[in-house]
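Undergrad: Quick one: this structure, given as structure tokens, is what I'll be asking you about.
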Amino acid sequence: MRFHLPTAEIFVPDGQPVEAALARTTHLAISAHQDDIEIMAAQPILHCFQRDDRWFTGVVVADGRGSPRDELYKDYTDEQMRVVRFKEQKKAAVVGEYAAQVLLDYPSRVLKDGRDVRPVDDLAAIIAACRPQALFTHNLADKHDTHVSVALRVIAALRRLPEADRPKQVVGCEVWRDLDWLTDDDKVVFDVTLHENLQAALLGVFDSQIAGGKRYDLASLGRRRANATYYATHGTDVTTGLNYGMDLTPLVNDPALSPQAYVQKYIQRFADEVSRRLQTFG
């Protein structure tokens with residue numbers, strides 16, 4: 001498979017031919033940065049782990065050059081950070097036994113430019129090669145500009161494809177803004193109770209971020225535990241870890257549907273729920 005950027009890579013942990021590795025994919029995650037996948041898509045990774053009938057593939061779209069750095073990495077150049085972050089993402093792919101890991105290497109400025117169709121071209125080609133049952137990306141209410149840009153490019157790529165090549169489910173996941181605010185009826189709920197050790201290992205390989213001053217490992221595991229405890233107000237915990245998602249499937253199936261209007265409906269339902277409670281008990 002050829003991409004627009006010659007520096008893009010496809011890494012296959014078990015050494016299978018690229019075409020075969022992608023074709024076995026059942027669950028596909030597309031993220032902006034290295035480590036976003038392991039933060040937002042723990043459930044599909046665990047769902048496919050140690051299985052021959054289910055396979056997880058990750059796609060990281062951005063290059064990772066602009067990440068913060070400290071301690072061991074404080075004097076690293078942007079290019080050195082790119083190399084380190086690519087290496088860390090490949091380590092995660094080995095730990096999680098991914099079918100494949102794609103690294104497209106785009107600068108964030110390209111991803112934020114909706115007129116540049118190169119990322120959309122590449123993503124459409126990857127999705128068509130994988131034909132996953134389910135696809136996971138960033139949620140459209142994320143507070144990171146690059147994350148939202150990637151989610152919009154994913155939707156554009158999916159809309160290009162014939163219906164037969166599209167996944168049955170497309171979910172926007174939690175990274176830079178959790179989705180606890182969604183009404184319970186609107187939440188896509190993922191149980192991540194099992195394999196806490198594997199979850200910690202997947203997050204722990206990103207040493208450049210953790211040592212660089214961002215404890216994404218502790219924060220992500222803590223968010224999962226908090227979601228599980230605060231999910232139900234009247235009842236004991238039935239899980240020890242939850243991630244939430246936003247269903248983006250209708251946006252893929254209806255090209256006329258505006259992403260802005262679609263997210264606004266979620267926000268309005270949340271606002272209505274708060275208003276009803278205040279009116280009831282005020």
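The values are calculated or read from the model by the stated rules, or taken from the named source; none is laboratory data. Note that the structure is predicted; figures quoted are calculated from it, not measured. FYI the Cβ positions are ideal-geometry reconstructions off the backbone, even for glycines, and counts take in every protein chain you see. Heads up: the accessible areas ignore ligands, DNA and RNA and are worked out on the full protein's heavy atoms, side chains in. Shrake-Rupley method; radii C 1.70, N 1.55, O 1.52, S 1.80 Å.
Undergrad: Going through 2, 24 one at a time, which residue ends up being touching a residue at least 24 places away in the same chain (Cβ under 8 Å), over 27 Å from residue 179 (Cα atoms), open to solvent by 30 Å² or more (accessible area, probe 1.4 Å) and over 14 Å from the mean Cα position of the chain (by Cα)? Please lay out each step first, then the result.
TA: Numbers: 2 fails: touching a residue at least 24 places away in the same chain (Cβ under 8 Å).
Just a single option satisfies the conditions, and that option is 24.
Undergrad: Additional query: Quickly run through the stretch 54-79 and pick out the residues that are surrounded by fewer than 21 Cβ atoms within 10 Å (Cβ to Cβ), touching a helix residue (DSSP H, G or I) at 6+ places or on another chain (Cβ under 9 Å) and modelled with pLDDT under 95. Don't jump to the end; show me each part of the working.
TA: Narrowing the stretch 54-79 to residues surrounded by fewer than 21 Cβ atoms within 10 Å (Cβ to Cβ): 54, 65-66, 68-79.
Keeping just the survivors that are touching a helix residue (DSSP H, G or I) at 6+ places or on another chain (Cβ under 9 Å) gives 54, 65-66, 68-69, 72-73, 76.
Within the stretch 54-79, 65, 66, 68, 69, 72, 73, 76 qualify.
Undergrad: Suppose the filter is under 13 Å from the mean Cα position of the chain (by Cα) and closer than 17 Å to residue 210 by Cβ; does residue 38 pass it? Walk me through it before giving the result.
TA: Details: under 13 Å from the mean Cα position of the chain (by Cα): yes; closer than 17 Å to residue 210 by Cβ: yes.
In short, yes.
Undergrad: Where in the stretch 117-203 are there strands (runs of 3 or more DSSP E), lying fully within it, with 3 or more residues that are open to solvent by 20 Å² or more (accessible area, probe 1.4 Å) and more than 30 Å from residue 237 (Cα to Cα)?
TA: Working: elements: 134-138, 169-173, 187-191.
Of the strands (runs of 3 or more DSSP E) lying wholly inside the stretch 117-203, none has at least 3 residues that are open to solvent by 20 Å² or more (accessible area, probe 1.4 Å) and more than 30 Å from residue 237 (Cα to Cα).
Undergrad: Okay, next question. Find the residue count for the stretch 38-53, including only residues that are open to solvent by less than 50 Å² (accessible area, probe 1.4 Å) and more than 17 Å from residue 246 (Cβ to Cβ). Even if it seems obvious, please write down each step before you answer.
TA: Within the stretch 38-53, the subset open to solvent by less than 50 Å² (accessible area, probe 1.4 Å) is 38-46, 48-49.
Among the residues that remain, those that are also more than 17 Å from residue 246 (Cβ to Cβ) are: 38, 45-46, 48-49.
Looking only at that region, the number is 5.
Undergrad: Residue under question is residue 7, and the condition is that it be modelled with pLDDT of 95 or more, buried (at least 20 other Cβ atoms within 10 Å of the Cβ) and either over 22 Å from the mean Cα position of the chain (by Cα) or of a type in the set (Ser, Thr, Tyr) (or both); does it hold?
TA: Numbers: modelled with pLDDT of 95 or more: yes; buried (at least 20 other Cβ atoms within 10 Å of the Cβ): no; either over 22 Å from the mean Cα position of the chain (by Cα) or of a type in the set (Ser, Thr, Tyr) (or both): yes.
Considered against the rule, which asks whether it is modelled with pLDDT of 95 or more, buried (at least 20 other Cβ atoms within 10 Å of the Cβ) and either over 22 Å from the mean Cα position of the chain (by Cα) or of a type in the set (Ser, Thr, Tyr) (or both), residue 7 comes out as no.
Undergrad: Another question, if that's okay. When the stretch 205-214 is examined, which residues are found to be open to solvent by 40 Å² or more (accessible area, probe 1.4 Å) and either of a type in the set (Gly, Ala, Ser) or out of contact with any helix residue (DSSP H, G or I) (no Cβ under 9 Å at 6 or more places or on another chain) (or both)? Steps first, please.
TA: Residues of the stretch 205-214 that are open to solvent by 40 Å² or more (accessible area, probe 1.4 Å), as a first pass: 207, 213-214.
213, 214, listed by residue number.
Undergrad: Could you pull out the residue among 143, 168 that is farther than 14 Å from residue 262 by Cβ and either in contact (Cβ under 8 Å) with a residue 60 or more places away in the chain or among the hydrophobic types (A, V, I, L, M, F, W, C) (or both)? Break it down into steps so the answer makes sense when it comes.
TA: Working: 143 fails: either in contact (Cβ under 8 Å) with a residue 60 or more places away in the chain or among the hydrophobic types (A, V, I, L, M, F, W, C) (or both).
The unique qualifying residue is 168.
Undergrad: When the stretch 240-268 is examined, which residues are found to be more than 22 Å from residue 228 (Cα to Cα) and among the charged types (D, E, K, R)?
TA: 254, 265
Undergrad: Examine the stretch 260-281 for a residue that is part of a helix (DSSP H, G or I), more than 30 Å from residue 124 (Cα to Cα) and touching a Leu at 6+ places or on another chain (Cβ under 9 Å), and state whether such a residue exists. Outline the logic, then answer.
TA: Taking the stretch 260-281 first, the residues part of a helix (DSSP H, G or I) are 260-281.
Checking the rest, the ones that are also more than 30 Å from residue 124 (Cα to Cα) come to 268-281.
In the following step, the residues that additionally are touching a Leu at 6+ places or on another chain (Cβ under 9 Å) were identified as 269-270.
Yes, the stretch 260-281 contains a residue that is part of a helix (DSSP H, G or I), more than 30 Å from residue 124 (Cα to Cα) and touching a Leu at 6+ places or on another chain (Cβ under 9 Å).
Undergrad: Also, quick follow-up: If residue 82 meets every condition in (1) in contact (Cβ under 8 Å) with a residue 40 or more places away in the chain; (2) open to solvent by less than 50 Å² (accessible area, probe 1.4 Å); (3) charged (D, E, K, R) apart from one, which number is that one?
TA: The failed condition is (1).
Undergrad: While we're looking at this one, here's another question. Which residues, taken from the stretch 223-259, are in a helix (DSSP H, G or I), under 22 Å from residue 203 (Cβ atoms) and in contact with a helix residue (DSSP H, G or I) (Cβ under 8 Å, 6 or more places away or on another chain)?
TA: Residues of the stretch 223-259 that are in a helix (DSSP H, G or I), as a first pass: 223-230, 249-253, 259.
Checking which are under 22 Å from residue 203 (Cβ atoms) leaves us with 223-230.
Selection gives 224 alone.
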